[in-house]
Every structure is written in structure tokens, then in C-alpha cells.
Amino acid sequence: MRHNIMATETSRRLFIRSAAMCVAISSYSGVFGTLGTQKLMSKKNANERIKLGLASYTFRYFSLDDTISMTQKLGLKYIALKSYHLPLESKKDEITAATAKVRAGGLELYGCSVVVLTNENEVNQIFEYAKTAGMGMIVAQPVSYLLDLIERKVREYNIKLAIHNHGPEDLNFPSPFVTHEKIKKLDPRIGLCIDIGHVRRSGYDPSDCIRKVADRLMDIHIKDLNTIQLVSDVCEVGRGQLDIPDILRTLLKIDFKGVVAFEHEKDLHDPLAGLAESVGYTRGVLSAI
């Protein structure tokens, strides 16, 4: 364990140093000529190819206005709203007003996350909710027997649904591999949201999962873990045991088009500092790979 921690710390320092070197090169690009400029642009493009966003569950103890404000401060463009910020039972005018506020704040409301679906009424409700809100995706935790209904709704509304894994405690979809097997013959607008924390504490390598379910991967929840075990504490991205550089490198290799959404579950009443560190670390890694 000590060796793993030291290796993680070494990797982190190397990537931060590399990111700093990229900044230095940008200041002196003229010295390096065209080749240096091309390399720098390659780093820039790698950063832009990953869409960084927020799962608003992070700010569940804050108002929608505060959530919008903090997301703006972090420089994140994409957001998926949890029911804390837009209740599922909201009336149409309430949904319209809330989503207009989000978009007026310069944010792209790409979906809702994570919605538990246990019966037909809840499925019907969430698709109407997403349609009214103008969301292109529903990130959900359904029960397996609802998949046929979900497929019909996906076709009717032309709204994607990404199944979120919640680890070994989830009896319906305990791993991305189980999920992929259950949906592989369904409409391609039904896919996966991989939560890298839940995947890793289930004993799977997130990068391996990403590669093997890439054809149905629609959304990513990014976080880090202090320890790799069934019950693990969440920490700032880059401080823990997950191989974040390898995960991001894998997403670039598969040309992932979805959103990598931060779901920071530490310091629930004061999450901004830790989340800012997580976003900054992730951007630094993207600039260095």
C-alpha cells in the first residue's frame, strides 16, 4: 500500500510539473519555432476535447442560484441537474423558469442526474420532465424490468438514457459489464454513465471498463478515493488512489464525446475549494498528456 501511495504521489508531481512546463513553453513559443507551436496546440486541443462539467448533486445543500454561480466560477460549461435543484414534480412553468436561469448563466444543461426509476409512472414522468427542460440525456438508476419501457420512451422522445452504476450494492446493474450485456441489443440511445469511484471500489479498473463499453458510454462521473475498498472515502481528484491520468488518457483514445462531470462528495456544506482543486488538477493532467 505504501508503494502504491508513493507511486501515485510521484505520478501526480510529474504531471503537475509537465503542466507547468507547458505554460512555460507557451510563454516562449517563438523560441521553439513551428514545431514547438504545433506541440503546444496539440496539448491545448487535448484539453478541449474533454468536456468538463458538473453533476449538481455536488451542491445539493445549496440553491440553484448558488449552484449556477459556483459552476461559473469553476469555469465549467456543462451541468446535469439533480432534483435538489429542479424537483421532479415541478410544474412545466417552474421547469421552464429554472432551466432558462441555467442557460442565462452561460451553462449547457445537458441532462438530469441521477434519477432512481422503480416503476412505470416514474419513467413516464422523467421523460416528460426532460422534454420540458430541453435535456438531451437522463442519467438514471432503473430497475432491470423497466428496460423495455425505457426503450420505447427513448424512441418516442429521442432523449438518451445513461444507466449509472452504483457499485456492488446495486442488484440490477452492479458493474458496467453487466449493464452493457443487458442493453447491447436495445436502442443505441440507451447507454452507460460510468462512475469511476463506484467502478473502482467494485474491484474493476475504470480505464478497462471505459475501453470495453466505449460503444455505449455516454457520461462519466469523476471523483477520487482515499482507499480502494468496498467502503471508501471520497477525496479531491488527484489526491487519492485512482489513476486519473490513465483514465483521462483512455477517454481521449476512445474519442469520448460525452461530459466528464465532477461529482464531489466531500465537505458537503463547503465543497467549493476541494472541487476547485479537483477541476484544476484534471485540467493540469489534460494539458500534460
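Structure notes:
For (1) charged (D, E, K, R); (2) open to solvent by 10 Å² or more (accessible area, probe 1.4 Å), each residue gets a yes or a no:
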| position | (1), (2) |
| --- | --- |
| ILE244 | no, no |
| LEU251 | no, no |
| ILE254 | no, yes |
| ALA261 | no, no |
| LEU268 | no, yes |
| PRO271 | no, no |
| ARG283 | yes, yes |
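- Single unsatisfied condition, CYS193 versus (1) over 17 Å from MET218 (Cα atoms); (2) of a type outside the set (Gly, Ala, Ser); (3) open to solvent by less than 10 Å² (accessible area, probe 1.4 Å): (1)
- Whenever a residue of region 144-166 is of a type in the set (Ser, Thr, Tyr), it has no partner that is in a strand (DSSP E or B) lying with C-beta atoms less than 7 angstrom away and at least six residues away or across chains.
- Once region 76-95 is narrowed to residues that are of a type outside the set (D, E, K, R) and over 15 Å from the mean Cα position of the chain (by Cα), the residue that is most open to solvent (accessible area, probe 1.4 Å) is TYR84.
- Boolean, ASP66 is assigned to a helix (DSSP H, G or I), out of contact with any strand residue (DSSP E or B) (no Cβ under 8 Å at 6 or more places or on another chain) and either exposed (fewer than 13 other Cβ atoms within 10 Å of the Cβ) or β-branched (Val, Ile, Thr) (or both): no
- Yes/no for THR8 being closer than 22 Å to PHE262 by Cβ and modelled with pLDDT of 95 or more: no
- HIS180 farther than 24 Å from THR58 by Cα and surrounded by 17 or more Cβ atoms within 10 Å (Cβ to Cβ): yes
- Residues of region 107-135 that are touching a Phe, Trp or Tyr at 6+ places or on another chain (Cβ under 6 Å) and either open to solvent by less than 40 Å² (accessible area, probe 1.4 Å) or β-branched (Val, Ile, Thr) (or both): TYR110, PHE127.
- Subset of region 202-223 that is touching a Gly at 6+ places or on another chain (Cβ under 8 Å) and without any contact (Cβ under 8 Å) to a residue 40 or more places away in the chain - its residue that is farthest from ILE244 (Cα to Cα): ARG216
- Within region 138-151, at least one residue is surrounded by 15 or more Cβ atoms within 10 Å (Cβ to Cβ) and of a type in the set (S, T, N, Q).
- Residue under evaluation VAL154, criteria (1) farther than 21 Å from LEU251 by Cβ; (2) open to solvent by 10 Å² or more (accessible area, probe 1.4 Å), criterion not met: (2)
The values are calculated or read from the model by the stated rules, or taken from the named source; none is laboratory data. Keep in mind that what you see is a predicted model, and the values were worked out from it rather than measured. Glycine gets a Cβ as well: all are built from the backbone with ideal geometry, and neighbour counts include every protein chain shown. When the accessible area is computed, the model is the full protein with side chains, heavy atoms only, and any ligands, DNA or RNA have been set aside. Shrake-Rupley method; radii C 1.70, N 1.55, O 1.52, S 1.80 Å.
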